[in-house]
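The values are calculated or read from the model by the stated rules, or taken from the named source; none is laboratory data. What you see is a predicted model, and the numbers here were worked out from it, not measured in a lab. We place every Cβ from the backbone using ideal geometry, glycine too, and count neighbours over all the protein chains shown. Protein only, heavy atoms only, side chains kept; ligands, DNA and RNA dropped before computing areas. Shrake-Rupley method; radii C 1.70, N 1.55, O 1.52, S 1.80 Å.
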2 protein chains.
Amino acid sequence: MKLKLKNVFLAYFLVSIAGLLYALVQLAAEQLRQKDLRISQLQADLRRPPPAPAQPPEPEALPTIYVVTPTYARLVQKAELVRLSQTLSLVPRLHWLLVEDAEGPTPLVSGLLAGSGLLFTHLAVLTPKAQRLREGEPGWVRPRGVEQRNRALDWLRSGGGAVGGEKDPPPAGTRGVVYFADDDNTYSRELFEEMRWTRGVSVWPVGLVGGLRFEGPRVQDGRVVGFHTAWEPNRPFPVDMAGFAVALPLLLAKPSAQFDATAPRGHLESSLLSHLVDPKDLEPRAANCTRVLVWHTRTEKPKMKQEEQLQRQGRGSDPAVEAGDKRPLC
Amino acid sequence: MKLKLKNVFLAYFLVSIAGLLYALVQLAAEQLRQKDLRISQLQADLRRPPPAPAQPPEPEALPTIYVVTPTYARLVQKAELVRLSQTLSLVPRLHWLLVEDAEGPTPLVSGLLAGSGLLFTHLAVLTPKAQRLREGEPGWVRPRGVEQRNRALDWLRSGGGAVGGEKDPPPAGTRGVVYFADDDNTYSRELFEEMRWTRGVSVWPVGLVGGLRFEGPRVQDGRVVGFHTAWEPNRPFPVDMAGFAVALPLLLAKPSAQFDATAPRGHLESSLLSHLVDPKDLEPRAANCTRVLVWHTRTEKPKMKQEEQLQRQGRGSDPAVEAGDKRPLC
């Protein structure tokens, strides 16, 4: 019996030891499993891309600014388009609609757009001969760029006809604003933020236009009550092409709104705007129209007397160098 | 003896078990320690700031481009300076030296510089009366901006006289290049990267100048062998002000090099460059001078007929609105 009891104790002892060992191994294995889990979690955290640094408001949240620029071949064309494209490159969420007065795209403009880094749509439509300015006629006889701006409106409404860049028009419901920016004016980058949140039609002053230091809306209590202008102040909308922007949804809701090439002098802007808005509902921008952020600058036509002389001697500027328009000099 | 042997076995057994347990515990503890170490390493990795995203070459590693711009009060001044400042804002590591032709800083220019976001130094020096262009005199009779450019050279060499912005000249040993950029030309942003690594004097074509599509150096085998120009091709340096840049160390090493206001027509650039470089050592840029990246555009002087009429009626444009120069209209 004494020996049996000893055996029982021994068995009990061995079983306890085995159990203890088993428990210990399990415990250690469990702890190791948990640590492994933590390690793989941390490794996953490390692989995750870092959070983006604090940024200005998401560009995707901004309404798009569609800038419509008619352009035509001339000596200063490339200089003007370089200067304008660089200004536009400072503006987020902008889509440039560049419309050539030409039968099709020219290499000069296509190359410039491709290198601009801008989101763009390249369009082209030739001004009908009857509407074209004759040699020697002053610029105000026939407004320039009418067909081209209307072509851009067509594209915004139904697409088609793009000869380069983005081919599809804005999808239904796109928030945006449309601005007509000629290629010779001077634009402050601030102007674009003034127009971005236009609900209907927004307006502001334009510098150095109409023989004045500036033309622009007169504002009282936040509403447009008149216009500072010298030329026909009783026009429905005595504003310059550079002095207003239109909300895209409004333009799309009025499919008949376009520019009328036969409008009398100074009435081209009115021919579009009278389809879209009542003058009293114009939205004044640029600190209630007290800040000039766009100027109607005009670039001199360069004199080419020496070029013509050298060309007669067969020593003209190398035509392979793209300096401006490559068409025959006029 | 039999029992003793049993006891020995028992003791041996107990000691082995204890040793085994100890070894197991140590093994588990060691494994846990290693896992803990890995965890704390990973946590440290997570706390470390993420590596900066791939970036263009550190701006600090680039030579500074000192852009010297003389400017004078006129209707288009603000428009021109807005346009130029926006172009310059696209160029990294650039310091704008804006020099007013005025007795002191004007609010228009000071305000524009303050809002430009550029690194700048504001200088001012009035052109002596004898050098000033008379009303009606053509622009080429007397070169404009000579005093102003020389004032900027003085500041680069010894500082002093700044009326706004950075007051201290570049410290000794600064790597940089100096470019004379008038406020009416058109500059492609690409031009500035062409000039940045200038060792002595670099040159390139200028568009729409001298009555030609472009003027510029003729290059053979990477060396300047002549110039394409119509006006006095035998001038020492038949290049336009916008057609060259000078390494800052070279300018500092030749303290007598400056512009000569009495130089004959078309020789102003030569009056500086002849102090600095031999024509054969000019460094051709812009794809061996085959690309035009700067244009000598000129902005028309706006007509103010209507402004004068309205002012006579007491209805002139609000002078509180800054459209351009605020001096009396001429």
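Given the DSSP H assignment, sum -39500 (n - 2.57) over each helix run of at least 4 residues in chain B and divide by its residue total; what's the result at 222 nm in deg cm²/dmol, nearest 500?
Values: 9 runs with 110 residues, N = 330.
Per the formula, -10500 deg cm²/dmol.
Cα centroids of the stretch B:183-258 and the stretch B:263-330: how far apart, whole angstrom?
Using only Cα atoms, the two centres lie 18 Å from each other.
Tell me, what does the Kirkwood hydrodynamic radius of the stretch A:192-254 come to in angstroms if you use every pair of distinct C-alpha atoms? Spell out each step's value before the answer.
Values: mean 1/r = 0.0792 Å⁻¹.
So the Kirkwood estimate lands at 12.6 Å.
Run the dipole for the stretch B:168-323 about the Cα centre, Lys and Arg Cβ at +1, Asp and Glu Cβ at -1, nothing else charged, and hand back the magnitude in debye, nearest 20.
Working: 19 positive and 21 negative charges, 57 e Å.
That gives the stretch B:168-323 a dipole magnitude of about 280 debye.
Read phi for every residue in the stretch A:301-312 and hand back ³J(HN,Hα) as whole Hz from Karplus 6.51 cos²θ - 1.76 cosθ + 1.60, θ = phi - 60°, with x for Gly and Pro.
Computed from phi, the couplings for the stretch A:301-312 are 6, x, 7, 10, 4, 5, 4, 5, 4, 5, 5, 4 Hz.
Amide H neighbours of B:ALA124 under 5 Å, at least 5 residues apart or on other chains, H built in the peptide plane: list them.
Amide H to amide H, under 5 Å and 5 or more residues apart or across chains, B:ALA124 pairs with B:GLU100, B:VAL163.
Among DSSP bridges having both ends in chain B, what percentage is antiparallel? Round to the nearest 5.
On the way: 18 of 39 bridges.
So the antiparallel bridges amount to about 45 percent of the total.
In sequence order, what are the phi-derived ³J(HN,Hα) couplings for the stretch B:237-245 according to the Karplus relation 6.51 cos²θ - 1.76 cosθ + 1.60 with θ = phi - 60°, rounded to whole Hz, with x for glycine and proline?
10, x, 10, 7, 3, 7, x, 8, 9
Every other copy gets compared here: list the nm distances from the A:GLY222 label point (7 Å along Cα to Cβ) to its counterparts, shortest first, one decimal.
Those separations, rounded to one decimal, come out as 6.7 nm.
In the protein assembly as shown, carbon and sulfur make up what percent of the accessible area (probe 1.4 Å)? Provide the component values of the computation, followed by the final result.
On the way: 18420 of 33090 Å².
Here it works out to 56 percent.
Can you list residues from other chains, or at least 5 along the same chain, whose modelled amide H is less than 5 Å from the amide H of A:LEU97?
Counting only residues 5 or more places away or on other chains, the set is A:VAL67, A:VAL68, A:THR69, A:THR121.
Specify, per residue and in Å³, the volume enclosed by the convex hull of the alpha carbon atoms belonging to the stretch B:151-218.
Working: hull volume 9.5 nm³, N = 68.
Spread over its residues, the Cα hull of the stretch B:151-218 gives 139 Å³ apiece.
Kindly rank B:273-282, A:23-32, A:126-135 from highest to lowest mean number of other beta carbons found within 10 Å of each residue. Spell out each step's value before the answer.
Values: B:273-282: 16.3, A:23-32: 12.8, A:126-135: 11.1.
Result, highest mean Cβ count within 10 Å first: B:273-282, A:23-32, A:126-135.
Name the residue from B:PRO70, B:HIS275, B:GLY117 whose Cα lies farthest towards the positive end of the charge dipole of chain B, charges +1 on Cβ of Lys and Arg and -1 on Cβ of Asp and Glu.
Comparing the listed Cα positions along the dipole, B:GLY117 ranks first.
Chains A and B: how much accessible area gets covered up at their contact, both sides added, probe 1.4 Å, in Å² to the nearest hundred?
Values: alone 19640 and 19640 Å², together 33090 Å².
Buried: approximately 6200 Å² between B and A.
Restricting to the protein assembly as shown, what percent of DSSP beta bridges are antiparallel, rounded to 5? Intermediate results must be reported in sequence, preceding the final value.
Working: 37 of 79 bridges.
If we restrict to bridges inside the protein assembly as shown, about 45 percent are antiparallel.
Would you give the gap between the C-alpha center of the stretch A:145-176 and the C-alpha center of the stretch A:18-43, rounded to a whole Å?
65 Å
Just the Cα atoms of the protein assembly as shown, one point each, no solvent: what log10 I(q)/I(0) does Debye give at q = 0.08 Å⁻¹?
-0.69
Which distances, in nm and shortest first, link the B:PRO171 label point to the same label point in every other copy, taking 7 Å along Cα→Cβ?
The projected label point of B:PRO171 is separated from its counterparts by 5.4 nm.
What does the copy distance list look like for B:ARG132, label position 7 Å along Cα→Cβ, in nm and ordered from shortest?
Going from nearest to farthest copy, the values are 4.8 nm.
Give me the angle, in degrees from 0 to 90, between the Cα long axis of helix B:146-158 and the longest principal axis of the Cα atoms of chain B, rounded to the nearest 10.
Result, in degrees: 30.
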